[in-house]
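Down below is the structure, laid out as structure tokens.
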Amino acid sequence: MGLDVRFARRLLRWYAQNRRDLPWRRTRDPYRVWVSEVMLQQTRVDAVVPYYRAFLRAFPDVRALAAAQEEDVLRVWAGLGYYARARHLLRAAREVVQRGSFPTTAAGWRKLPGVGAYTAAAVASIAFGEDVVAVDGNVARVGLRLLGLRRSPRDTTARRAVQAALAAVLPPGRAGELNQALMDLGATVCLPTRPRCTACPVQTFCRARGTGRVHQIPARPPRYPKPRRRFVAAVVRDRWGRVLLVRQPSQGLWGGLWTLPYVEAPSWERAGRLLRRQLGVPLEADGLRLAFRHTFTHFHAHFQVVGARTPEPPRVGRFVRPDAETVPLPAPLRRLLVALRQQRE
Ligand code: SF4
């Protein structure tokens, strides 16, 4: 059985009774819907909820966000990862304030920094009722199973097929609900590895189930192992035990955040010259040696952390108490500083 208007009706009925109660679902305010959708890109719902609340406390509307300093936005975002999202949100807020209003269509939203096809369609449909379908990786998986297409959710042609099939059965004026219903179906029933087909409200419309191929769909995209890269970071303390942090340039790893001074190098011996150039003073190792790993989008990073002394104050950066909450730090470095402080106590 293919998709038709009965499919949409049944899914919407299920959604009315089973929708997840999420803080951004209690509003159609475009600012709040937009912030939630940006946070939900690449981050799980339960991780997003506390950040969403803290962000709205700090920046309750688009004007407050547009007037904020990048460092303040990054501080509230710190720990959520993918910091380009926060920088884009800030730039986009400034554009919105400058033009005087939010865009009301997906095409308009797409012109803002950091807003892709999915986010644009989600915000336009939920906040403005535009009849557009929002297909992210989750919805693509559900759609491919419904259509019985053994393709990867990342495959653009396959996504278009899902989008077209869903758009064809969209009840006018209810795209926001349908999009959220599909998101919830993907998050709670049509799960990636163990879909709960017997509990699925649209099982009779599902080709994958009808043909016994649920576990073959979607096709797994080819996996390319992430490369490994090695970095060396220095812990330089002043006489009060505060730790030297440097601000990273906006573009690049941990862009705009404060970190220990670090360079890409296989060993302390190789890192010394590069760190000297970065800080403007020579460094001498003073015994502390630690290591941690962190996975970025495109590679695994191994950080060797070395305690170091400098003969005079470094020319860049600032000394900060290891437990200071006032600077935006990436989560692994905050954990490291907390561990260092505990070691000294
Ligand atoms: S029947 Fe199973 S595979 Fe098909 S949409 Fe429902 S949960 Fe997903």
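Within segment 188-200, how many residues turn out to be more than 8 Å from the ligand (Cβ to nearest atom) and within 14 Å of L146 (Cα to Cα)?
Filtering segment 188-200 down to residues more than 8 Å from the ligand (Cβ to nearest atom) leaves 188, 192-194, 198.
Subset that is within 14 Å of L146 (Cα to Cα): 192.
Number satisfying all stated conditions: 1.
Counting just the residues of segment 231-242 that are surrounded by fewer than 15 Cβ atoms within 10 Å (Cβ to Cβ) and in contact (Cβ under 8 Å) with a residue 24 or more places away in the chain, which one comes out nearest to the ligand (Cβ to nearest atom)? Give the steps one after another, and end with the answer.
Of all residues in segment 231-242, those surrounded by fewer than 15 Cβ atoms within 10 Å (Cβ to Cβ) come to 238-241.
Next cut, in contact (Cβ under 8 Å) with a residue 24 or more places away in the chain only: 238, 240-241.
Working: D238: 58, W240: 58, G241: 55 Å.
Going through the qualifying residues, I end up with G241.
Going through segment 290-313 one residue at a time, which ones are among the charged types (D, E, K, R) and part of a strand (DSSP E or B)? I'd like the intermediate steps shown before the answer.
Of all residues in segment 290-313, those among the charged types (D, E, K, R) come to 293, 309, 312.
Of everything in segment 290-313, those that are among the charged types (D, E, K, R) and part of a strand (DSSP E or B) turn out to be R293, R309.
Only one of P103, P153 is modelled with pLDDT of 95 or more and in a loop (DSSP other than H, G, I, E, B). Can you tell me which?
Working: P153 fails: modelled with pLDDT of 95 or more.
The conditions single out P103.
Being under 24 Å from the mean Cα position of the chain (by Cα), at pLDDT 95 or above, within 16 Å of the ligand (Cβ to nearest atom) and surrounded by fewer than 19 Cβ atoms within 10 Å (Cβ to Cβ) is the requirement here; does L185 meet it?
Values: under 24 Å from the mean Cα position of the chain (by Cα): yes; at pLDDT 95 or above: yes; within 16 Å of the ligand (Cβ to nearest atom): yes; surrounded by fewer than 19 Cβ atoms within 10 Å (Cβ to Cβ): no.
Criteria not met by L185.
In segment 11-30, what residues are aliphatic (A, V, I, L, M) and surrounded by 14 or more Cβ atoms within 10 Å (Cβ to Cβ)? Break it down stepwise before answering.
As a first pass, look at segment 11-30 and keep what is aliphatic (A, V, I, L, M): 11-12, 16, 22.
Within segment 11-30, L11, L12, L22 qualify.
Among the candidates V33, V96, V45, which residue alone is surrounded by fewer than 19 Cβ atoms within 10 Å (Cβ to Cβ) and either modelled with pLDDT of 95 or more or more than 19 Å from W254 (Cα to Cα) (or both)? Quick ask: steps written out before the conclusion?
Details: V33 fails: surrounded by fewer than 19 Cβ atoms within 10 Å (Cβ to Cβ); V96 fails: surrounded by fewer than 19 Cβ atoms within 10 Å (Cβ to Cβ).
V45 is the lone residue from the list that is surrounded by fewer than 19 Cβ atoms within 10 Å (Cβ to Cβ) and either modelled with pLDDT of 95 or more or more than 19 Å from W254 (Cα to Cα) (or both).
Got a number for residues in segment 297-324 being touching an Asp or Glu at 6+ places or on another chain (Cβ under 7 Å) and loosely packed, with under 15 Cβ neighbours inside 10 Å?
Step one: list which residues in segment 297-324 are touching an Asp or Glu at 6+ places or on another chain (Cβ under 7 Å), which gives 307-309, 319.
Filter again for loosely packed, with under 15 Cβ neighbours inside 10 Å, leaving 309.
Matching residues across segment 297-324 total 1.
Counting only residues that are surrounded by 15 or more Cβ atoms within 10 Å (Cβ to Cβ) and either within 8 Å of the ligand (Cβ to nearest atom) or closer than 30 Å to R276 by Cβ (or both), how many does segment 208-228 have?
Going through segment 208-228 one residue at a time, the tally reaches 4.
Which number in (1) at pLDDT below 95; (2) over 17 Å from the mean Cα position of the chain (by Cα) marks the one condition that A84 misses?
Evaluating A84 over (1) at pLDDT below 95; (2) over 17 Å from the mean Cα position of the chain (by Cα) leaves (2) as the failure.
So, in segment 154-182, exactly how many residues are out of contact with any Phe, Trp or Tyr (no Cβ under 6 Å at 6 or more places or on another chain) and within 13 Å of the ligand (Cβ to nearest atom)?
Of the residues in segment 154-182, 4 are out of contact with any Phe, Trp or Tyr (no Cβ under 6 Å at 6 or more places or on another chain) and within 13 Å of the ligand (Cβ to nearest atom).
Sort through G114, G176, G143, G148 and tell me the only one that's modelled with pLDDT under 95 and either in the same structural domain as R20 (by TED's automatic domain parsing) or surrounded by fewer than 20 Cβ atoms within 10 Å (Cβ to Cβ) (or both). Explain how you work it out, then say what you get.
Numbers: G176 fails: modelled with pLDDT under 95; G143 fails: modelled with pLDDT under 95; G148 fails: modelled with pLDDT under 95.
Exactly one residue qualifies, and that residue is G114.
Of A161, A122, which residue is among the hydrophobic types (A, V, I, L, M, F, W, C) and over 24 Å from the mean Cα position of the chain (by Cα)?
On the way: A122 fails: over 24 Å from the mean Cα position of the chain (by Cα).
That would be A161, the only listed residue that is among the hydrophobic types (A, V, I, L, M, F, W, C) and over 24 Å from the mean Cα position of the chain (by Cα).
For segment 44-65, name all the residues that are in contact with a Pro (Cβ under 9 Å, 6 or more places away or on another chain) and aromatic (F, W, Y).
Of everything in segment 44-65, just one residue is in contact with a Pro (Cβ under 9 Å, 6 or more places away or on another chain) and aromatic (F, W, Y), namely Y52.
Determine which member of the set R289, R276, R270 is without any contact (Cβ under 8 Å) to a residue 24 or more places away in the chain and either surrounded by 15 or more Cβ atoms within 10 Å (Cβ to Cβ) or more than 23 Å from V338 (Cβ to Cβ) (or both). Steps first, answer last, please.
Numbers: R289 fails: either surrounded by 15 or more Cβ atoms within 10 Å (Cβ to Cβ) or more than 23 Å from V338 (Cβ to Cβ) (or both); R270 fails: without any contact (Cβ under 8 Å) to a residue 24 or more places away in the chain.
Result of the check over R289, R276, R270: R276.
Considering only segment 68-77, I want to know if a residue exists there that is crowded, with 17+ Cβ neighbours inside 10 Å, touching a His at 6+ places or on another chain (Cβ under 9 Å) and either of a type in the set (F, W, Y) or under 16 Å from Q180 (Cα atoms) (or both).
no
Can you tell me which residue within segment 1-56, out of those that are of a type in the set (G, A, S) and in a helix (DSSP H, G or I), is nearest to V139 (Cα to Cα)?
Going through segment 1-56, the residues of a type in the set (G, A, S) turn out to be 2, 8, 16, 36, 47, 54.
This time we only want the ones that are in a helix (DSSP H, G or I), so: 8, 16, 36, 47, 54.
Working: A8: 14, A16: 18, S36: 17, A47: 20, A54: 28 Å.
Residue satisfying both the conditions and the ranking: A8.
Output yes when any residue across segment 122-135 is within 14 Å of the ligand (Cβ to nearest atom) and in a loop (DSSP other than H, G, I, E, B), and no when none is.
The answer is no, given that none of the residues of segment 122-135 is within 14 Å of the ligand (Cβ to nearest atom) and in a loop (DSSP other than H, G, I, E, B).
The values are calculated or read from the model by the stated rules, or taken from the named source; none is laboratory data. Just so it is clear, the structure is predicted and the values come from calculations on it, not from any experiment. When we count neighbours, we look across all protein chains shown, and the Cβ atoms used for this are built from the backbone with ideal geometry, even at glycine.
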